[in-house]
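Asks: Input: one structure, supplied below.
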Amino acid sequence: MTTQPIRNKKHIKQISSYFLNKGELRNYLLFIMGIHTALRISDMLRLTWHDVYDFDNNRVRTEFTIVEKKTKKSKIIAINPSVVHAINNLFKQVNPATEDRFLFAHPSLNKAISRIQAYRILRTSAEEVSIDMPVSCHSLRKTFGYHLWKKGTSLVVIMDIYNHTSYAVTKRYLGITQDDKNSAYLELKFST
């Protein structure tokens, strides 16, 4: 089965609450950052505290620049207020001693968690809150675009954020269903 976005906002809230209730602030940030930045998991796991936190001014940065591992393209990411809040909470919990420490650090090793660990974290959270669809690392990236599209953001902007070169790829990413198409037909009203 192809990875799908998390379409239901209730499911997003359930997963968020799951991590918060367990005090798993690193995993909460992983989820929140994934659905608010559209970064691939390989790029998220490479982030250090220096990338997102200004140690000189003791605050979360407003944006950061990353060179995508897959495309080798540079991208500026604005940090959403929800992500700022999650970063601040994790900062208070782990109090990173150095700027070069990984944001998604393994608790006992001086390295980031693996892609497999990230996948297990997300899959387990979905299972624990009884979401009946597979949730993976790539679900987060797709969730970002799907909800932007539902809010009316131009597909051109979404394509650019994803660094996609074709509409077909973006359309597949968004996981547009027949229900989405039906809603579009039924929402349009002209006074006659």
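Any read-out appearing in this document is the output of simple, stated calculations on the displayed coordinates, not a laboratory observation. No experiment lies behind these values; they were computed from the predicted model shown. Cβ coordinates were reconstructed from backbone atoms using ideal geometry, including for glycine residues, and neighbour counts include every protein chain displayed.
Asks: Using amide H atoms built 1.01 Å from N in the peptide plane, name the residues 5+ places from residue 6, or on other chains, whose amide H lies under 5 Å from its own.
Replies: 143
Asks: Name the long-range amide H neighbours of residue 48: under 5 Å, sequence gap of 5 or more, or other chain; modelled H, no Pro or chain starts.
Replies: Here the answer is 103, since their amide H atoms fall under 5 Å of that of residue 48.
Asks: With the chain treated as a Gaussian network of Cα nodes joined by springs under 10 Å, which of 80, 57, 182 yields the largest mean-square fluctuation?
Replies: 182
Asks: Can I ask one more? Are there GluC sites (Glu not before Pro) in the range 91-192 that DSSP marks as loop and that have at most 15 other Cβ atoms within 10 Å, and which are they?
Replies: 99
Asks: Let me have the relative contact order for the range 9-187, percent, based on Cα pairs under 8 Å that are six or more residues apart.
Replies: 24
Asks: Once phi is turned into ³J(HN,Hα) by the Karplus curve 6.51 cos²θ - 1.76 cosθ + 1.60 with θ = phi - 60°, what whole-Hz value does each residue of the range 18-29 show in order, with x for glycine and proline?
Replies: Once rounded to whole Hz, the list reads 4, 5, 5, 4, 8, x, 8, 5, 5, 5, 4, 5.
Asks: Under 5 Å between amide hydrogens, which residues at least 5 positions from residue 60 or on another chain qualify, with H placed 1.01 Å from N in the peptide plane?
Replies: 54
Asks: So which trypsin sites (Lys or Arg not before Pro) in the range 162-192 end up in coil per DSSP with only 12 or fewer other C-beta atoms within 10 Å?
Replies: When the trypsin sites (Lys or Arg not before Pro) of the range 162-192 are filtered for loop state and at most 12 Cβ neighbours within 10 Å, 189 remain.
Asks: Give, as a single signed number, the net charge of other residues whose beta carbon lies under 13 Å from the beta carbon of residue 26, with Lys and Arg counted +1 and Asp and Glu -1.
Replies: That sum, taken over residues with Cβ under 13 Å, equals +2.
Asks: For the range 152-166, just list the computed ³J(HN,Hα) in residue order, Karplus coefficients 6.51, -1.76 and 1.60, θ = phi - 60°, integers in Hz, with x standing in for Gly and Pro.
Replies: After applying 6.51 cos²θ - 1.76 cosθ + 1.60, I find x, 5, 4, 4, 5, 5, 4, 4, 5, 4, 6, 6, 7, 9, 9 Hz.
Asks: Sticking with this structure for a sec: Which ³J(HN,Hα) values, rounded to whole Hz and listed in residue order, are derived for the range 85-99 from phi using the Karplus coefficients 6.51, -1.76 and 1.60 in 6.51 cos²θ - 1.76 cosθ + 1.60 with θ = phi - 60°, glycine and proline given as x?
Replies: Rounded to whole hertz, the list is 4, 5, 5, 4, 5, 5, 4, 5, 6, 9, 6, x, 6, 10, 5.
Asks: While we're on this one: Structure shown: which of 92/142; 151/181; 22/92; 13/69; 111/142 lie over 19 Å apart, alpha-carbon to alpha-carbon?
Replies: Those over the limit are 92/142; 13/69; 111/142.
Asks: Can you compute the modelled spin-label distance between residue 133 and residue 58, with each label point 7 Å from Cα toward Cβ, in nm?
Replies: Here the modelled spin labels are 4.3 nm apart.
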